[in-house]
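Q: Following this message is one structure expressed as structure tokens.
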Amino acid sequence: MPGPAGDSADPDPHDELARDLGIGAPGFTTHGLGADPESLRQARAFVREALERWELHSGADDVALVAGELMSNAVCHGLNPGEEHAGRQAARLGLARQDGTLVCAVNDPSPEMPVLRQADESLERGRGLRIIDALSSSWGWSRPGRTGKTVWARIPVLGSPGR
């Protein structure tokens, strides 16, 4: 939500993503993403650490795969590697625990909506959303706004109640 007129303070990207997803409860964590392969490696480590911290073992592989596909899509389709981001991360990954599911979301600055394409077996790319669709109970995206769009997926998980 933008601040009052004349308020030049940038909103916290963690808070923006939580607000975009309608999440205000504990059990929500975010990680910034750059437009480079090293950032993807760091984000995958972030996902594994969050799942371990929340003691989510059942479904962890599915969550990691879905998160990786969402992040890869943001880097490949939502970010411009040469673009400056005013000291902020280019995109943001969020994970939230909600009643036996884990919501994984990635916010990127692109206004382009994700498109679920027919897989072409001869191409190396183009299956990310098909994987997300197969492993999640639901997925979707927010309408582009001031901070771009957020693509999310809800994955069923089992684990301890969390902290």
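Q: Could you list, in sequence order, all residues of the stretch 93-116 that are of a type in the set (D, E, K, R), outside any loop (DSSP other than H, G, I, E, B) and closer than 22 Å to LEU79 by Cβ?
A: Start the filter on the stretch 93-116 by keeping residues that are of a type in the set (D, E, K, R), which leaves 97, 99, 108, 112.
Then drop every residue that is not outside any loop (DSSP other than H, G, I, E, B), which leaves 97, 108.
Passing the criteria: only ASP108.
Q: Turning to a different aspect of this structure: Going by the conditions given, is PRO144 over 17 Å from ALA60 (Cβ atoms) and either modelled with pLDDT under 75 or of a type in the set (Phe, Trp, Tyr) (or both)?
A: yes
Q: On to the next question. Quick check on the stretch 48-56. Is at least one of its residues modelled with pLDDT of 80 or more, assigned to a helix (DSSP H, G or I) and open to solvent by less than 80 Å² (accessible area, probe 1.4 Å)? Lay out the reasoning, then the answer.
A: Taking the stretch 48-56 and keeping what is modelled with pLDDT of 80 or more, we get 48-56.
With assigned to a helix (DSSP H, G or I) added as a condition, the list becomes 48-53.
In the following step, the residues that additionally are open to solvent by less than 80 Å² (accessible area, probe 1.4 Å) were identified as 50-51.
Yes, there is a match, as at least one residue in the stretch 48-56 is modelled with pLDDT of 80 or more, assigned to a helix (DSSP H, G or I) and open to solvent by less than 80 Å² (accessible area, probe 1.4 Å).
Q: Another question, if that's okay. I want to confirm something. Restricting to the stretch 27-45 and keeping residues that are within 12 Å of the chain's Cα centre (by Cα) and assigned to a helix (DSSP H, G or I), which single residue is farthest from ALA90 (Cα to Cα)?
A: Among them, the one singled out is ARG44.
Q: Looking at this structure, is ARG163 open to solvent by 70 Å² or more (accessible area, probe 1.4 Å), at pLDDT below 90 and out of contact with any strand residue (DSSP E or B) (no Cβ under 8 Å at 6 or more places or on another chain)? Lay out the reasoning, then the answer.
A: On the way: open to solvent by 70 Å² or more (accessible area, probe 1.4 Å): yes; at pLDDT below 90: yes; out of contact with any strand residue (DSSP E or B) (no Cβ under 8 Å at 6 or more places or on another chain): yes.
For ARG163, the condition - open to solvent by 70 Å² or more (accessible area, probe 1.4 Å), at pLDDT below 90 and out of contact with any strand residue (DSSP E or B) (no Cβ under 8 Å at 6 or more places or on another chain) - is met.
Q: Among the numbered criteria (1) closer than 18 Å to THR30 by Cβ; (2) at pLDDT 85 or above, which one does GLN89 miss?
A: GLN89 satisfies all of (1) closer than 18 Å to THR30 by Cβ; (2) at pLDDT 85 or above except (2).
Q: Residue check: is LEU21 open to solvent by less than 80 Å² (accessible area, probe 1.4 Å), closer than 22 Å to LEU129 by Cα and modelled with pLDDT of 65 or more? Talk me through it step by step, then tell me what you get.
A: Values: open to solvent by less than 80 Å² (accessible area, probe 1.4 Å): yes; closer than 22 Å to LEU129 by Cα: yes; modelled with pLDDT of 65 or more: no.
No.
The values are calculated or read from the model by the stated rules, or taken from the named source; none is laboratory data. None of these values were measured; they are calculated from a predicted model. Using ideal geometry, Cβ is built from the backbone for each residue, glycine included, and neighbour counts are taken over all protein chains shown. Areas reflect the complete protein model, heavy atoms only, side chains present, ligands, DNA and RNA absent. Shrake-Rupley method; radii C 1.70, N 1.55, O 1.52, S 1.80 Å.
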